[in-house]
Amino acid sequence: MEEITVIVYIISTFFNLPDSKLIADRTQVVIRPKVQEIEIIQNDLFGLITNEQDKKELLAFWQDLQQINPKKPPLAKELNNFQLKSFTIHQTDHKFQTHLVLKYSKLQDLRVLGIWYNTNKNLLSINEQPKEHIQTSSGKLDGNYWFFSADNISSYTVEPFKEMPESYIRQKRTIEEILLD
């Protein structure tokens, strides 16, 4: 089984920054094959805070995120085949959202994000993981995979933290709560 090193709902896996516990409760992924772009929108950002050090590290990471230079972004080495088109942090309804757009040169580059391209069938696919609560209107579930046309815009949403153990729920703090604290 191939290891996926860039996880769409863990922000730190995209950047060459210190590891962080900042995670997205809900992440939307949009693939635009005709313009060779993938867009990742991370919503409902949170961290698992067990002590003051966790909070300090998360706040330091948040500061680093806000200072990313789009002209020379610190992308993770796994994303060497990608070019950062844009990275922004939005605040809507008093909630933060990260918005990342990457350019790629071939569909096979998406493997690092857990998106596979079948050249014979001209299809993109992702693994179906029931715990990730994948939702899509542009894909078709067949067995353990969601399939998407490689000719059209495709999108899906993952919500891997809908069901969390009680011990983690007690540690869960939104980025907004952490910043206000």
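The values are calculated or read from the model by the stated rules, or taken from the named source; none is laboratory data. All figures in this text were calculated on a predicted structure; none of them were measured in a lab. Note that each Cβ is placed from the backbone with ideal geometry, even for glycine, and that neighbours are counted across all protein chains shown.
All of Ile178, Ile126 fail the test of being under 22 Å from Ile7 (Cβ atoms), part of a strand (DSSP E or B), in contact (Cβ under 8 Å) with a residue 12 or more places away in the chain and of a type outside the set (Phe, Trp, Tyr), apart from Ile126. Residues considered: Lys95, Lys55, Lys21, Lys72. Of these, the only one that is modelled with pLDDT under 90 and under 24 Å from Glu163 (Cα atoms) is Lys21. Taking every residue in region 1-30 that is of a type in the set (D, E, K, R) and pairing it with any residue that is part of a loop (DSSP other than H, G, I, E, B), at least 6 positions away or on another chain, the pairs with Cβ-Cβ distances below 6 Å are Asp25/Phe161; Arg26/Glu159.
Kindly provide the set of residues from region 34-76 that are in contact with a Ser or Thr (Cβ under 9 Å, 6 or more places away or on another chain), in contact (Cβ under 8 Å) with a residue 60 or more places away in the chain and not acidic (Asp, Glu), ordered by number. Outline the logic, then answer.
Residues of region 34-76 in contact with a Ser or Thr (Cβ under 9 Å, 6 or more places away or on another chain): 36, 39-47, 57-58, 60-62, 64-65, 70, 76.
Cutting the leftovers down to in contact (Cβ under 8 Å) with a residue 60 or more places away in the chain gives us 36, 39-40, 44-47, 58, 62, 76.
Result: Gln36, Ile40, Leu45, Phe46, Gly47, Leu58, Trp62, Ala76.
Among the candidates Leu124, Leu102, single out the residue that is under 24 Å from Glu37 (Cα atoms), at pLDDT 95 or above, in contact with a Gly (Cβ under 9 Å, 6 or more places away or on another chain) and not hydroxyl-bearing (Ser, Thr, Tyr). Quick ask: steps written out before the conclusion?
Working: Leu102 fails: in contact with a Gly (Cβ under 9 Å, 6 or more places away or on another chain).
The match here is Leu124.
So which residues in region 95-148 are more than 20 Å from Ile41 (Cβ to Cβ), surrounded by 15 or more Cβ atoms within 10 Å (Cβ to Cβ) and touching a Lys or Arg at 6+ places or on another chain (Cβ under 9 Å)? Selection gives Tyr117, Phe147.
Screening region 80-94 for residues that are out of contact with any strand residue (DSSP E or B) (no Cβ under 9 Å at 6 or more places or on another chain) and free of Cβ contacts under 8 Å to residues at least 12 places away in the same chain and picking the one that is surrounded by the most Cβ atoms within 10 Å (Cβ to Cβ) gives Asn80.
A residue that is surrounded by 13 or more Cβ atoms within 10 Å (Cβ to Cβ), outside any strand (DSSP E or B) and among the acidic types (Asp, Glu) can be found somewhere in region 39-56. The residue list Pro70, Pro160 contains one member that is surrounded by fewer than 18 Cβ atoms within 10 Å (Cβ to Cβ) and either assigned to a helix (DSSP H, G or I) or out of contact with any Gly (no Cβ under 6 Å at 6 or more places or on another chain) (or both), which is Pro70.
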